[in-house]
Amino acid sequence: MTLPIIIALCVLMLSAYFFDITAAKTKIPPVVLLFALGWAVNQLAEVFWLEIPDLSNVLPFLGTIGLILIVLEGSLELDFDQSKFSFVGRTVLIAILPVLGLSFLFAFAFMQFADISLKVGLINAIPIAIISSAIAIPSVSNLSAKNKEFVTYESSLSDIFGVIFFNFLLENERIGAGSIGFFLGEIVLILIITFFASIILAFLLSRIKHPVKFAPIILVIVLIFAVSELYHLPALIFILLFGLFIGNLVQLRHLVVIRNLHTKSFKREIKKFKELTLELTFLIRTLFFLVFGFLIDTRELINTETLIWSVSIVLGIFLVRGLVLKVFKIKLLPLIFIAPRGLVTILLYLSIPGGAAIALVNDSLIIQVIILSSLAMMLGMLTAKPKPAESTVGTA
């Protein structure tokens with residue numbers, strides 16, 4: 001049985017690679033094809049009575065590792081200097097406002113149909129209010145550099161803020177000055193950890209002479225993330241800032257510590273580190289979405305009881321997104337369609353405690369929202385006209 005599994009995995013991963021390299025021409029986001037491929041494998045397994053172990057427990061593990069690598073990969077590719085302050089500031093608002101607006105909008109809607117508190121409504125609404133960087137970032141390879149940069153910043157920040165908001169509500173029975181003060185203290189603590197960890201990891205990256213040097217660095221990054229999450233710290237901030245730090249050492253070369261690291265050989269090591277991160281991200285992301293597609297129950301996908309809710313939620317997502325882009329004078333097309341739900345949605349949904357779960361937000365709703373938002377993004381990408389000099393700023 002071992003060899004058939006190895007053969008199947010290799011074929012599936014190579015298929016994913018084919019989807020990736022042809023995405024620029026087909027304009028179909030690879031993630032959508034991975035959903036379909038995983039689902040098709042499940043159907044074939046049922047037809048041929050193949051025994052496949054329960055993969056549902058694997059999904060959170062792959063999702064967490066995938067989220068770390070995807071945010072790290074995206075942040076490593078970002079250029080950051082003083083000229084970007086205004087752009088990043090606007091992108092922060094564009095990322096945060098829809099998460100807040102949609103969370104409260106959906107929470108109030110849930111409260112009309114279920115006897116729940118605002119806090120419970122928000123806990124159930126936040127997972128579907130967050131853009132999935134795991135789907136958005138790899139799906140915009142066909143867009144201009146400016147739009148890709150915008151999507152990377154926006155979706156990563158949406159993930160980070162959404163996870164922080166969700167954990168804040170879970171950790172605090174009551175929201176008050178004390179809980180807010182403690183939360184701000186956690187932010188300061190993770191920034192301090194990020195500062196020292198980034199310098200230490202950069203130093204190790206420049207000093208380790210052993211042939212195996214990148215794997216330990218990535219393991220330390222995952223370890224810091226996991227320990228930070230264990231103590232309910234906003235660990236994704238560390239991942240984003242570390243990636244920006246490593247990817248933009250040229251802009252920091254005036255600092256004494258960085259000057260000692262900034263050599264030609266170190267530049268080569270950074271390039272290799274980026275390449276390894278890219279390769280690992282591809283593997284983990286592919287496995288996650290294949291497993292997710294495999295676990296899709298066709299009955300849940302076509303559940304008409306939740307379909308009205310799912311369509312309404314997706315329409316609400318694009319309505320709010322269009323409004324925010326319009327207010328900030330961002331060109332609507334194709335960015336309005338790039339608001340997929342995915343990896344973070346699944347991870348947070350699975351994290352909702354039993355006491356806060358509501359019947360309205362179930363497996364069917366989550367699957368339908370993810371699929372519908374991904375299909376909408378696919379349609380948007382199919383109609384997109386890539387322009388090398390295209391800017392995100394302009395008349396909508």
### Query
How many of the residues making up segment 136-151 are modelled with pLDDT under 90, aliphatic (A, V, I, L, M) and within 17 Å of Gly66 (Cβ to Cβ)?
1
### Query
If you check Phe61, Phe19, which single one turns out to be assigned to a helix (DSSP H, G or I), surrounded by fewer than 15 Cβ atoms within 10 Å (Cβ to Cβ) and modelled with pLDDT of 90 or more?
Phe61
### Query
If you scan segment 22-39, which residues turn out to be in a helix (DSSP H, G or I) and in contact (Cβ under 8 Å) with a residue 24 or more places away in the chain?
Ala23, Ala24, Pro30, Val31, Val32, Leu34, Phe35, Ala36, Leu37, Gly38, Trp39
### Message
Quick check on my filter: what residues within segment 85-122 are of a type in the set (D, E, K, R), assigned to a helix (DSSP H, G or I) and more than 22 Å from the chain's Cα centre (by Cα)?
### Response
Lys119
### Summary
Those residues of segment 84-124 which are among the small types (Gly, Ala, Ser), surrounded by 24 or more Cβ atoms within 10 Å (Cβ to Cβ) and either without any contact (Cβ under 8 Å) to a residue 40 or more places away in the chain or more than 21 Å from Ile338 (Cα to Cα) (or both) amount to Gly121
### Query
Which one of these is farther than 23 Å from Lys274 by Cα, polar (S, T, N, Q) and either outside any helix (DSSP H, G or I) or within 21 Å of the chain's Cα centre (by Cα) (or both): Asn167, Asn142, Asn147?
Asn167
### Message
Between Ile330, Ile346, which is in contact with a strand residue (DSSP E or B) (Cβ under 9 Å, 6 or more places away or on another chain) and surrounded by 21 or more Cβ atoms within 10 Å (Cβ to Cβ)?
### Response
Ile330
### Task
Inspect all residues belonging to segment 203-215 and state whether any of them is surrounded by fewer than 19 Cβ atoms within 10 Å (Cβ to Cβ), under 26 Å from Pro60 (Cα atoms) and modelled with pLDDT of 90 or more.
yes
### Summary
Of the candidates Ala125, Ala136, Ala95, the one satisfying the condition of being among the small types (Gly, Ala, Ser) and under 21 Å from Ile175 (Cα atoms) is Ala125
### Task
Answer with yes or no whether Ile70 is crowded, with 24+ Cβ neighbours inside 10 Å and either part of a loop (DSSP other than H, G, I, E, B) or in contact with a helix residue (DSSP H, G or I) (Cβ under 8 Å, 6 or more places away or on another chain) (or both).
yes
### Failed item, numbered, when Ile160 is tested on (1) β-branched (Val, Ile, Thr); (2) more than 14 Å from Leu67 (Cα to Cα); (3) surrounded by 13 or more Cβ atoms within 10 Å (Cβ to Cβ)
(2)
### Query
What are the residues in segment 183-197 that are out of contact with any Pro (no Cβ under 7 Å at 6 or more places or on another chain) and either modelled with pLDDT of 95 or more or within 24 Å of Leu223 (Cβ to Cβ) (or both), if any?
Phe183, Gly185, Val188, Leu189, Leu191, Ile192, Ile193, Thr194, Phe195, Phe196, Ala197
### Query
If you check Ser198 against the conditions, is it farther than 19 Å from Ile346 by Cα, of a type in the set (Ser, Thr, Tyr), without any contact (Cβ under 8 Å) to a residue 12 or more places away in the chain and assigned to a helix (DSSP H, G or I)?
no
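This table checks each residue for (1) modelled with pLDDT under 95; (2) aliphatic (A, V, I, L, M); (3) part of a helix (DSSP H, G or I).
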site	(1), (2), (3)
Arg285	yes, no, yes
Ser312	no, no, yes
Gly316	no, no, yes
Val320	no, yes, yes
Leu325	no, yes, yes
Val344	yes, yes, yes
Leu347	yes, yes, yes
Leu350	yes, yes, yes
### Options Ile317, Ile284, Ile302, Ile296: the member that is β-branched (Val, Ile, Thr) and more than 27 Å from Ile52 (Cβ to Cβ)
Ile317
### Message
For segment 352-396: of the residues being of a type in the set (S, T, N, Q) and loosely packed, with under 13 Cβ neighbours inside 10 Å, which is modelled with the highest pLDDT?
### Response
Thr383
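The values are calculated or read from the model by the stated rules, or taken from the named source; none is laboratory data. Everything numeric here is computed off the predicted structure, so don't read it as measured data. Heads up, the Cβs are rebuilt from the backbone with ideal geometry, glycines too, and the neighbour counts pull from every protein chain shown.
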